[in-house]
Every structure is written in structure tokens, then in C-alpha cells.
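Down below is the structure, laid out as C-alpha cells.
The values are calculated or read from the model by the stated rules, or taken from the named source; none is laboratory data. Every value quoted in this text rests on a predicted model; they were computed, and no experiment measured them. Here the Cβ positions follow ideal geometry from the backbone for every residue, glycine too, while neighbour counts run over all protein chains shown. With ligands, DNA and RNA removed, areas are computed over all heavy atoms of the protein, side chains included. Shrake-Rupley method; radii C 1.70, N 1.55, O 1.52, S 1.80 Å.
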Amino acid sequence: MTQSVVVQVGQCGNQVGCRFWDLALREHAHVNKKGLYDEALSSFFRNMILWKVPHATVCAGLILTHLNPQAVLVDMEEGVVNEILQGPLREMFDSTQLLTDVSGSGNNWAVGHMTYGSAYREQIVDKLRKAAEHCDCLQCFFLIHSMGGGTGSGLGTRVLSLLEEEFPEVCRIVTSIYPSAEDDVITSPYNSVLAMRELTEHADCVLPVENQSLVDIVDKIKHMSHGGKPGSAIKRDSTIISGQGGLSGTEKPFDAMNNIVANLLLNITSSARFEGSLNMDLNEIAMNLVPFPRLHYLVPSLTPLYTLADVSVPTRRLDQMFSDAFSKDHQLIRADPKHSLYLACALMVRGNVQVSDLRRNIERLKPLLPFVSWNQEGWKTSLCSVPPVGHSHALLALANNTCVKLTFMELRERFIRLYRKKAHLHHYLHVDGMEQSCFSEAISSLSSLIEEYQHLDATKGTLMPDAPRLRIAR
């Protein structure tokens, strides 16, 4: 069985990570009725015998004693990590997994990347190595961070480069939370563009998630919960934004939004944690969905977002779930992929779904979804037999689609508005190691990335001519 390590950086990264561990425990408890340490748990948790051999790992098949997540928690403020250590998950983590400071990065990418990245480099590498040593077969690092602040964007991308340096053969999948245009961090365009260059250079896959999309999904579900049409009431605790049944007590601000991202991580790791008729290794995601190394931004969508409460209303047909996955209302960035070009697409299905259902829906959707001419069969699929708690089935779609360039273009525009006036630039240039060339190189990298997507978009609707037949020499 393979293992993965989750690296949570910054306030947002640790809040999302906390929700992931909370909901993952709930999911495993729902399936693992006997309370045994099984292969599903071993993919992300260690089972410790604390009273016999400190830090010893128990083999699969024995009674659960003390679960320890395979995680590293990093933040340059103590607040969120202290909340985790004082909350319901406090006994799961030990000090060897934590790295904190007190002053924070002050919403400054340079402080996080340059100052703290240099000061804590050896400690970060040491904690990553110890986490890796606890894995029998390390397959993937999951990095969770935000793009708008200083620690998540700056130190988060420094950790990413260290992962590539120390573990070049291990897959690096990054979940990046992008700020909205109305973000309260004025310098977020600088932080995001500077971080984008690092993501493009050092990640294997990036799953971009926009704050505004999360807000829109939460508002839509809450509106339906309180004022939906007759017969379309939403079943309580079945929405993707619900944390009920987990370890959390009262809901905190952003919990609903964090739950959506946590569900994204639950679904993408489902094949690694549970059995299924068509499992997908995590390293297969990059292999099958990333035809060009820089174009590794995969647009995620989740469905269903809720379950109807009225049992007299028939369950949404399976076909509708597949259609919803390509609807703009279910994307975790504000985009409509059906109007852009697909390079490849993964469908990760959970629940009692047959391979024939999966293939039938792909054939049904193919004519509606424009794929590049040289990869018309660019579908990767997985079937996990265990559905999310509260649902009979679920689907995560990961699309390598040129629609992501719209998010990048909006970000570039916000960056240029600040940079044209050199506003707030002095805060960055006062940091040791930070030069103005870092800004010009970062915006150049982003513009180059956008141009690559635009070049592909220009081929939409054109067919690649057949290759000339080979002539046999006589």
C-alpha cells in the first residue's frame, strides 16, 4: 500500500488541512466498523503504541490504538496551529510535525519565501524527511496553501521547491486557494503572481480553487436550504459544506468553504484509501493529464453538492451527475470549460457505479466537449466503491482545460494595476534577497503561460491533418 504526506502551510492551508483530517476520520469511521488499522487508514495515518514503544508503527490488521496523520504543519503565526492543538484533533499531532513562529509574514511573499524560507530551511527539510521515513512506499506530497497572503504564498512555494530538491521522484500535487478581486489583502496580486512562477516551475499538478467560487457555491446551497422549491428541500447534513458528524463542534467562519476544498481532497485520495474496480494511483494524474510540463493546472469540479431530503423525489439520475461535473456551477474556479479546449480530463467516481455507466456517459458527453485534435481519447477514469458519507455516489472531475487562463488573465490585470504605479513595492524590496527583477520575471512567466493556453485555444475547431503514410524503401 502506498502512502502520502500532507503539507499544510499558512493560515488557510492549516484550516483546510484540519477540515480534511476531520472529515477523513469521519469517512473511515463510517466504513471501518471493526476498529482495525487497515490498509485504507495506513495510506494517510500511522497507528502508534504510545505506552509500549514511543513512535513505533503498528502493522495493518491490528486494533486501532493512536492514529497519527502523515502531515507537516507550518505557519509563521501560532493562532491556527494552536487552535488545532487545543481542539478535538489535539492528540493526533506531535511536536515533530509542527513548525511555527509568532510574527507572521505580514502579507508579504518576500518575507515568507526569502526571510522565513532561509531561516527555517533546515527545520522544514528535517520534518519532511522524518515524515517520509515513516512511509513504506511514499507516492505523493499534497501541499495545501493560499496565494493571497505572505506565509501561504511565500513560504508555501519555498516548501514546494524544497520538496522537488529533496524528493525529486515523488509526485507533488498542490491545492492553491486563489484570492477574489475583492480580497482584503491589497498586495494579494503581487503575492499570487510571485507564487505562480514557483508553482509553474516546481509542481507536478496544481488544483486551483478560487475563493469567489467557494462563496458562490456556499451561498447557492444555503439559499436552497432555506428557500428552495417545494419538494426540493436539501437533506440536512448531506451538503458538501456540512461538517456535521465529524469532530468539530460549532461551525466557524470559512468552515463551509474549507469543507468544499476538504471534500476535493477526500475524493482525489479516495482511490488511494479504498478499494475499487478501477483504481487510480496519484502519480497517474500527472502522467495522464499533463501533456506539457508547464500546463499542469487542473480545474476541479465536484458533484453532487447536496442530497434532496424528500424521499418521494427520485434520486438525481447518474447521467445528471456527469453532466453537472461539466457545468460552470460546479467548477471550483469561475469558468465554463465547455466553451474552452480540453487537453485531458479525469473522472474520479465514488459509489456503486458500473464501468459501463462510466463509459456510456463519456460517449454521451464527448460530442459536447471540445478536445484537442491530437488527444480525442484523453480520458482517465477511476471507480472507488466507497461513496462519501451521506451520498450514494459522487464525482470529482479534473480538467486540463484552457479556461483556466481567464483566472490568470484577471490576476495579471490586478498585478499590473499595482505594479504600474510601483505601489507597495518598497515593502518587498526591503527584504534581503528580493530584487525588482523578481517581479518582472514573475509577470513574464505568467504571461508566457497565458500565451501557451491561448496558442492551444487558437487550434480549437481545427483538425490535425493525417500524417503522411510511410514509404517502404525498395
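Descriptive notes on the structure:
- Set of the range 138-152 residues, backbone N closer than 20 Å to the point 7 Å along the Cα-Cβ line of E78: 151-152
- For the chain, the 222 nm mean residue ellipticity estimated from helices alone, with every DSSP H stretch of n ≥ 4 adding -39500 (n - 2.57) and the total spread over all residues, rounds to -11500 deg cm²/dmol.
- Shape call, the range 336-474: gyration tensor on alpha carbons, a/c limit 1.5: oblate
- Kirkwood Rh in Å, taken over the range 64-185 so that all alpha-carbon pairs contribute: 15.2 Å
- Rg to Rh quotient for the chain, alpha carbon positions, Kirkwood Rh: 0.97
- Compactness ratio for the range 318-417: Cα radius of gyration over 2.2 N^0.38 Å (N = residue count) comes to 1.20.
- Among the listed pairs K34/K252; K130/K380; K220/K328; K33/K252, those beyond 22 Å (Cα-Cα): K34/K252; K130/K380; K33/K252
- Proportion of all alpha-carbon pairs of the range 124-216 beyond 16 Å (%): 54 percent
- Remark: the K366-K220 segment gains 49.7 nm on full extension, using 0.36 nm per residue and subtracting the alpha carbon distance.
- Take the Cβ atoms of D101 and S373, set R0 to 45 Å, and the FRET efficiency comes out at 0.30.
- With the alpha-carbon atoms of the range 1-152 aligned to their principal axes, the span from lowest to highest coordinate is 48, 28, 27 Å, starting with the largest.
- Residues whose placed amide H lies under 5 Å from that of L67, excluding near-sequence neighbours: M48
- Pairwise FRET efficiency - A458 versus Q436, Cβ, R0 = 35 Å, nearest 0.05: 0.60
- Were the residues from D336 through S444 laid out at 0.36 nm apart, the gain over their Cα-Cα distance would be 36.3 nm.
- More than 16 angstrom apart: percent of Cα pairs within the range 117-163: 43 percent
- Solvent-accessible area assigned to carbon and sulfur over the range 250-386 amounts to 52 percent, based on a 1.4 Å probe.
- Probing with 1.4 Å while keeping every protein chain in the model, the per residue accessible area of the chain equals 44 Å².
- Taking amide H as placed 1.01 Å from N in the peptide plane, the amide H of C384 sits under 5 Å from that of V349, R350, G351, each at least 5 places away or on another chain.
- Theoretical FRET efficiency, 1/(1+(r/R0)^6), r = Cβ-Cβ of E133 and T381, R0 35 Å, to 0.05: 0.55
- Between S153, L396, S356, the Cα set farthest toward the positive side of the dipole of the chain (charges on each charged residue's Cβ, about the Cα centre) is that of S356.
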